[in-house]
Each structure stands twice: as C-alpha cells, then as structure tokens.
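The next block holds one structure in the form of structure tokens; read it before the comments.
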Amino acid sequence: MTARLPIPSPCSAGRGRDPCGAWEGEGSVIPRNLALTLPRLRRGPLPLPPGAGEGVARSASSRQWPWHRAALVLCLFALTACERVQHGIQSALDPVGQQAGRIAGLWWLFLAVLAAVYAVVLVLLLVAAIRPRRRRRLPPGPAFRPEEPIERRLTRGLTAWAVGTAAIVLTLTGFSYAVDRDILALGHRAELTIEVTAKQWWWQVRYDDPVPNRSFETANEIRLPVGVPVRVVLKAQDVIHSFWVPNLHGKTDLIPGRVNETVIVADREGRYRGQCAEFCGFQHANMALDVVAMPRDQFEAWRESQLAPAVAPSDERSREGQRVFLTSACVMCHTVRGTTAASRVGPDLTHVAARPSIAAGTLPYSKGNLAGWIADPQRIKPGSQMPVVGLSADQLQSVLAYLDGLK
Amino acid sequence: MSARDASRFIRRDGPSLGEAETHARLERTWATPPGLWGWLSSVDHKQVGRRYIVTAFVFFLLAGLLALAMRMQLAGPNQTLLTPDRYNQIFTMHGTTMMFLFAVPVMEAFAIYLVPLMVGTRAIAFPRLNAFSYWVYLAGGVMLWVAFILNVGPDVGWFSYVPLSGPQFSPGKRADFWAQMVTFTEVAALAVAVEIIVTVLKQRAPGMSLNRIPLFVWGQLVTSFMVVFAMPAVMVSSSMLIMDRLIGTHFFNPAEGGDALLWQHLFWFFGHPEVYIIFLPATGFVSSILPTFARRPIFGYTALVLALVATGFLGFGLWVHHMFATGLPHLGNSFYTAASMAIAIPSGIQIFCWLATLWDGRPRFATPLLFVIGFIVIFVLGGLSGIMLASVPIDSQVHDTYFVVAHFHYVLIGGAVFPLFGAIYYWFPKFTGRMLSERAGAWNFGLFFVGFNIAFFPMHILGLIGMPRRVYSYPAGLGWDDLNLLSTAGAVILAAGVLVFLGNVWHSLKHGLVADDNPWGAATLEWATASPPPSFNFVHIPVVTGSNPLWEEADGLPVVSGLRVDQRELLLTSVVDAAPEVREPSPEPSIWPLLSALAVTILFIGSIFTPWAVVWGSIPLAVGLIGWFWPKSAPDTPEPVIE
C-alpha cells in the first residue's frame, strides 16, 4: 500500500509517523480491491492500441516502412502499461459507488459498440485500399467515369450506412438517458448532507446536522459511512472548481454565485482520491481531497471525535507550541476549536493530525511533511495562499508538537 | 499592334487578341508593383494567402514547441522543469495559438489562395479587405507572443473562464492580452469569411452552378457562414471581459448580479462551431485529394454537400456539451446529448462517401493520399470518442480529463492537420511550381502517424484513470507515470515528423522537381492555369460544363472573353446557375489597408491599458479608412473597342 503514496517528502519524513499506518489500523481494504477489480478490467473489451490503424498504412506501402515492427512493440508496451494501471484510487474504471458503477457500465457498452464500428471502418478502409489492385484489367487512364450499377450499389450502401449510424446513435442515446435517469433517482435517497466549499486551492468540508451544535467543519477530507447516499452541496468561494471523485461519481462544478448538488455513495470501504477538475489557477494541480468510506459505527465514532474541541496540549513543548500558534500569523487564518483561533481564511485545524494528507492532498500527513510545509509552503505548493510564517527552528518544533497532537 | 501605344489602346480580352499579347497586358494590369512598397500594398489573393499560410505555420511550430515543453514536464511525476506559473502560461498559449492563430487562419489561408482559382475568377472579392485582414491577424498574433515573451502571456486557459480571468483573480494585463488577441483574430476571420462568401456566390466561372462547385469550395462556403454567425459571440464576450477588467462593468461578477455561466454560454456558442470551422475546410481537402488519387469522381457529391450543410447547422446546437458538469437542468442537457449524437450521422455519411470513392477507384498512393488515409483512421476514432462525450453520464467522468485531451487531438490533428499536410503536399506544386519529395513525404507521414498515436492514444486511458487536464504536475503512484512517459516519447516522434516536413519544404523549394500545370491529373479549375498561377489567375475565364471540368473537357476548357485587359475587371455571375451577369472592377493595390490595420492595432492594444485609447485611437483609424475609401474617379476611358 505504501506504493500508492510515494509522494516525495521534501523533509525528513523518517521522523514522522508512517502515513499509512493509520489507514491499516482503520481497516483499509485497498489491497483487496486490487484483487476484486483485476478480473473485471480484463473482462471488458480492451482499448484499442495506439495506432490501431497502422495495418492500413502499412498495406498502403509496406515496402517503404521498416518500422512496423517497432510500432508493434510500442503497441504491446502500451497494452502492458494499460494492464499495469489495473486499479486506482482515482479511477473511473474502478467504481465503488452505484453512480460510478452505472457510468462505468455505460462506458463499457459504448466502448464495445463503438469499437465494433471502428473495426468495420478500418476493415472497409483496408479493403478499399488494397482491393482495386486486383482489378488491373481496367483500362489505364487518368480518371474514369463510374459505372452505373456500381454507383447504384454504393448508393444503397450509403443509405444503409446512414440508417445504421442513426440506429446506433439512437440506441446509445437511449442507454445514456436511461443511465442518467437512474443516477438521478439514486440521488433522492440521500441521508446525510455535506457542504463542500471550494477555495483556491483547498476544500472546506462542513458536516451539517439539524442540531446546530452537531455541525462541524474539516478540510480536504470527506468521510462517508459505507452504503449511505450522501448529498454533497457544492459552493465556490472564489473561482469555478469541479468536485470529482471518479471512483464514486462523475464531476460537478462549484460555481461562485450558484449552488450545485451531487449525491455520492460508497459501496465498499476504502480510501479514494478526488481532485479539482476545472482549471482554477496557479495550484489547480494540487487541489485534491481524500474520501474515506468507513463502516457506519466507525463513521459515527469519527464524527463524535470531530465534534469535540481540540485536544488540550499535554506537555510543555506542545503548550509552548500552542502559545506560538496563538501569537503568530497562524491565528490570522486558521481555526482551532476550543482556543481563541477562530479565523476562517484557511482550513480548520482542530483535528489536523487525524487527516490523511496536508495542503489539499499535496503531501501525506506526517510530522516531517508538516514541518516542511510550515517552514516553506511556497516551495511545496508555489503560489499557495499560505505564507511563510517566520518561525525560529525552536518555535517550529513547538508548533509541530502542538499540531501533531491535534488528533 | 505592338507599334501602337498599348496604354491608350483599350481592348477587351477577346479571342482575336493573341495569347501572348493578352498574357502580357493582363500581367501589366494585375501584377503587384515591385519593391517593398509593392509588397506592403499587395492585394493579390495569392500573395496574401501565402503570407497567411506561412504565418500560420510559424505559429503552429511555436505552439508545437510549447506542447513539447509540456510533454517534457509531464514525462514523469513531480517534475520541476517548469514552474506552475510558466506551465499555465504555456498551456494557455498552446491552446490559444493553435486554435486562434493556427487552425482557423490556416484554413482561411487556403481558402484565400484556392477559392478564387477553383471558382475560376481573377481575384478574391474585396481584395483590400483581404490584405487588411492579414495585417490585423499578424498584429494580433505578434502582440500575443510578444506579451508571452515579456512574461505577460495569458495564464487562464484558451477558454479564459470567469471569474478566474476576471479582475479579482487575474490582476495584471495577462488576460487582457488574451481577450484583445481574440478581437484581432476575429476581425480578421470575419473579413475573410465575407470575402469567401461573396467570391463563391458571385464570382464563379460561367456554368459552375451550385451543383458543380468543388467540394472544397462548398466546405469553405459553409465554414464562412459559420464564422459569420459564431465569431460575434466570442467577440462580444471577450469585449465584455475587457470591460469588466478595465472599466468596472459586472457582466460576469456574481456578487453584482452578473453571471459566471454567461461567459461559458457565449464562449462555447462560438467554441463548438469553431471545431467545425476548422474541420469542414479539412473535409474539403479530403474531397479534393481523394478523387484525384483514387482517379474517379467523388462518390455522393450531393450527400457530401448536404452533410456539410447539416453539420453547419447542427454545429450550433451542441455547445452545452462543454457544460454538462455545470449543473444545468437535466432536460436541457438531454437535448444537447441528442444533438451531439446526431452530428455523427452527417459525419458518418462523409466517411462512407470517401471510403466508397477509394473503394471504387484505382488509388495511387502518393503522399497526399497517405495523409487522407491517416485522417480517416484517426478522425474516425476521435469522432467515436466524441459520441462517448455526448453522453451526460460518461462526460461527467471524463470531462476535463486527459480523455478529452486525447479526443480533441484525434479530432483536430486527425481531422484537420492530417488533411492539411495532405493538402500541402497536394497543392505545393501549384503554390510554388515545384513538387515536394515523395520519399520524404512518406517518412513525414509515417513519423507523424506513429508519433501521433503514441502521443495521444494513452491519454484516453490516462483520463479514465483519473488524470485531470491542465495540471502542471502529478503525484507518483496513481498509475499515470508510464503512460505519460509513453505519450512524451510519441510527441518526440511527432516532432521528428514535422522536422522532416520542414526539411522537405526547404529542400524542395529550391531543388524539387519542376511541376507542370496539372501534375496530379486533377479535375478542378486551379489546375487549369500555370504553376504557380499568374497574377491574373486565368488568361481567359473558363466555362464549366460539369463537376470535374478538367476530366470532362480533356481537350481544353471552353472560355468566355470580353473582360477588359487594361483594367482589373472580374466577371460576376448569378448565384444559382452562375450565368454571366455583369463586369465588375477590382481594386488596385493600396497601402491603406496596412495603415488602417496599424491604426486598429494601436486602438486595440491601447485599449488594454486605457479606455481612452478607444476615443483617441479612432482618429488615426478614421484617417486610415478615409484614405482607403477615398472616392476614385470612375474609369475615364470609354467603353473599350472589341477587336
């Protein structure tokens, strides 16, 4: 599993906690997913290799191109690469939610039908290219008049082709509508509401509850109870972003001045990755979020832990860290519930140490990564809204000790 | 007759006038004056067309270099070759340059050069406007690239979505340069569209009724109408953006009652037809090349024309499929799904007609035909992935991922650049009088085809396994590394193909085989004149008796006579039947289009910095236009004598 998160640490990650340890402890099933999904991917029609039409080009003048072998090797390499992809925590081909499942099913259907159409076109092209060579008996000349019977046959072919094309696209349109309807119907059963507000370049996540003091905020992570449809209300504070967790559902934009909604449900436990899918400026590339699907009871326990105010620092170093935090620039942007830090510019840090990653999925959480991030956020995520807060080495260590205690 | 003073002896081009004499007199009348001044004031559609083609190719190469830079950055995870700021500028410049400064202008360039030749007339309609359009286009492109070099290149994507491109989130002048470049290029494109429409509808050779127009010309006609209806939408929206940024309007500011989605509607109302504005001329290349090398008339002429027209209409009903993720009502989205699917029908008909032409023909596999075959292989795949994108659920997954990047490169490179290369190999002898090397052409095609597929096919998979577009970097471990490396390798091969092409052009310009008038044995009128054509295109205006005039009239085309040879004169014909109607003068060379274009440039660039530029800049522009349109005295010579 560590192979999934080898994001290079800019600082000595060795001293930090194993970023994955926590996940194994919480019963992550990612390795099992691998076994589950492999056969499925193989069962579907394989994508056509790059240059699937090279055969045609070769036939056109095979004597001129000695590199068709190289092309073949490259095709095989591409196919191998496809197979090695297998499974991903951010893949539309490995659905774990009903919505993504329906979409993936529709995708394979489209692929099968359209690959067949493509094959027909390629065969026709190939035959058209080589066929006339067998008719050398035709008189030579720069051009000839088409023969009436052939013209009539071709016209009939054209009619059939047009009708066939129309039938295929009509059928596919019908399937597309049906899946669209199904997905909408799934959305009517949502039991839980989360409000996601996208900001340059992170995600503010608010768990709403009818009882106001049971609402809370977190950042860059969404945890869901397995099998429970969750309504996600989508807002943007600055520019347009797009909420996309491919394993669960397609994307929906977050647009300033508008409120969008989507419904996601995770059918299996596991950790998935989402990423902003609408270009939103400088650090669009590093605007990810973690989605963790957990059993209902674990989810409730997590929710209770999130509702609690921050853990009070227990040792001298952490108390010093809290003092530094509350008297430096940190407090201008961040909230730590239970303290006087209550600014809402940056992510709520009340339980930052319990999150899988920092800086919107840029680095896995570890004390070492956090140190690097606080020391120089502009080096890790250039252009990020987080400034360099001039802390001394000692202050940095204290703040780290404090933040690392905020489980 | 040589004893008499030719300048005072007025004569029509008549059968009794000797061929050499007519030629010499026409040359005197139509030639562009020599020297720098002549070069700057030229209104010859062939010179302007050549300039357009060369300029567009320079932009193609520049944008290609940017693409290579991006592929280098993305060859592996967490690369730091480019900073995010530089990367964002580069991908914006790549898209903007390819779409606005290469693809549309190069298609128009071919129209400017070839349409008058293919319809058998002496000059394009409104030749001064044509010269003006080139200077404006050049100024817009140079402005954008100078801005990029000075690190004020746009960095908000070629689509410049608000609010990201608005005053709050894009301070500085980067987005303004983008918006003003749009204004420049759209002014140029609209001018060319009007010229093409008028040339096609009113200047066709006698007998070239609507059902005998070459398919390339049909494609350009439909395209020009699309330009006329699509481009104003983007000009309006880019002007609104500039106003939001410069003078504090709030068209797109939600906080003040504006709407961020308004931009997307306006932009894509242009942006989707834009794809067909690029693709339809390319279908014209294919429909020109295929019959020549299959050596039979195109199959399904009527069906192909109807498919072009149908695509032209349907192309305006698809724009919302770029906005399926924005949360628009589902019923509305469904309409656009159906419309997007429906466009497969005319496209399918076109593909069938081309296949049928090849099927029943006796193909000769010269380089242009290779590129056409490459076009079919690649474009069909891109079209089929387009059907996937038309489906709302599938689009919700792959929208704004590398799947879409793969799709539109298959459609645009496969659908437009492959035919374009084929067209260059095909018409190069007409443009220059020399043939391109066939051997280098095969290498060019092979490298291009293989490189293209290796570069772009993996992107389909990358998108499906979660890689979003427009990211300057990506973490390792998401399964994207190998495919990205493969893609970069393909890009390098593709670039090698382009290098072979450049070498071929460079070498063939000087050492290529000398081409005769009709080296490929083609059927359309541009091959009925010399290679390269004289300044007046045709000594006599040909008369057309069928769809493939040079095949049907193998013994020489009938011609009409009666146009003046001492003044620039065109023959106008009726819209449907191309029956001769009237003789029309055609303008002389003039420096005013260039001066007016300079005035427009000052106004447009100035208005990036101050709204007062619109006020003060209108003065030199008014001077330019007054000079341009200064009334000329009517020809003082009496109606010429017919010999």
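Where a number appears in this text, it was derived from the coordinates with a stated rule and is not lab data. All values reported here derive from a predicted model rather than from experimental measurement. Note that each Cβ is placed from the backbone with ideal geometry, even for glycine, and that neighbours are counted across all protein chains shown.
Taking every DSSP beta bridge that has both ends in the protein assembly as shown, the antiparallel portion is near 75%.
Sorting A:Ser384, A:Ser366, B:Ser391 on the 10 Å Cβ count, fewest up front, what's the list? Spell out each step's value before the answer.
Values: A:Ser384 21, A:Ser366 24, B:Ser391 28.
Fewest-to-most Cβ neighbours within 10 Å comes out as A:Ser384, A:Ser366, B:Ser391.
Counting Lys and Arg as +1 and Asp and Glu as -1 over every other residue whose Cβ lies under 10 Å from the Cβ of B:Met231, the net charge comes to -2.
Counting other beta carbons within 10 Å of each Cβ, put B:Met208, B:Met99, B:Met341 in order, fewest first. Write down the numbers at each step before the final one.
On the way: B:Met208 28, B:Met99 20, B:Met341 24.
Sorted ascending by nearby Cβ count, the order is B:Met99, B:Met341, B:Met208.
From least to most packed, judged by other beta carbons within 10 angstrom and beginning with the fewest, B:Asp555, B:Asp482, A:Asp394 follow the order B:Asp555, A:Asp394, B:Asp482. Residue-wise HN-Hα couplings along segment B:297-304, as the Karplus relation 6.51 cos²θ - 1.76 cosθ + 1.60 with θ = phi - 60° gives them from phi, are x, 4, 7, x, 3, 4, 4, 5 Hz; Gly and Pro carry x. With a ≥ b ≥ c taken as the square roots of the eigenvalues of the C-alpha gyration tensor of the protein assembly as shown, please select rounded if a/c is under 1.5 and otherwise prolate if a/b is larger than b/c or oblate if it is not? Here the protein assembly as shown falls in the prolate category.
Which of the peptides B:560-569, B:347-356 is most tightly packed, and how do the rest follow, judged by the mean count of other Cβ atoms within 10 Å per residue?
Details: B:560-569: 19.9, B:347-356: 24.6.
In descending order of packing, they fall as B:347-356, B:560-569.
Only lysines eight or more places from A:Lys251 in sequence, or on another chain, were considered; those with a Cα closer than 23 Å are A:Lys199, A:Lys235. With the simple model of a label 7 Å out from the Cα in the direction of the Cβ, B:Gln567 to B:Trp37 spans 2.3 nm. Computed over neighbours whose Cβ is under 13 Å from that of B:His407, the net charge equals -1, Lys and Arg +1, Asp and Glu -1. Over chain B, DSSP H runs of length four or greater, each weighted -39,500 (n - 2.57), average out per residue to a 222 nm ellipticity of -20500 deg cm²/dmol. Note on B:354-367: average number of Cβ atoms from other chains within 10 Å of each residue's Cβ is 6. Residues of segment A:325-346 with an amide N closer than 20 Å to a point placed 7 Å from the Cα of A:Ser392 along the Cα-to-Cβ direction: A:325-331.
Peptide B:152-165 has a mean shielding of 3, counted as Cβ atoms of other protein chains within 10 Å of each residue's Cβ.
Classified by the C-alpha gyration tensor, segment A:316-404 has a rounded form. Its axis ratio a/c, with a ≥ b ≥ c, is below 1.5. For the peptides A:183-192, A:212-221, A:345-354, residues were scored by their other Cβ atoms within 10 Å and the scores averaged per peptide; the highest-first order is A:345-354, A:212-221, A:183-192.
For the residues of B:81-91, the average number of beta carbons from a partner chain within 10 Å of their own beta carbon is 2.
Of all lysines in the structure, the ones whose alpha carbon falls short of 27 Å from that of B:Lys46, not counting any fewer than 8 places away in one chain, are B:Lys202, B:Lys430, B:Lys510, B:Lys632.
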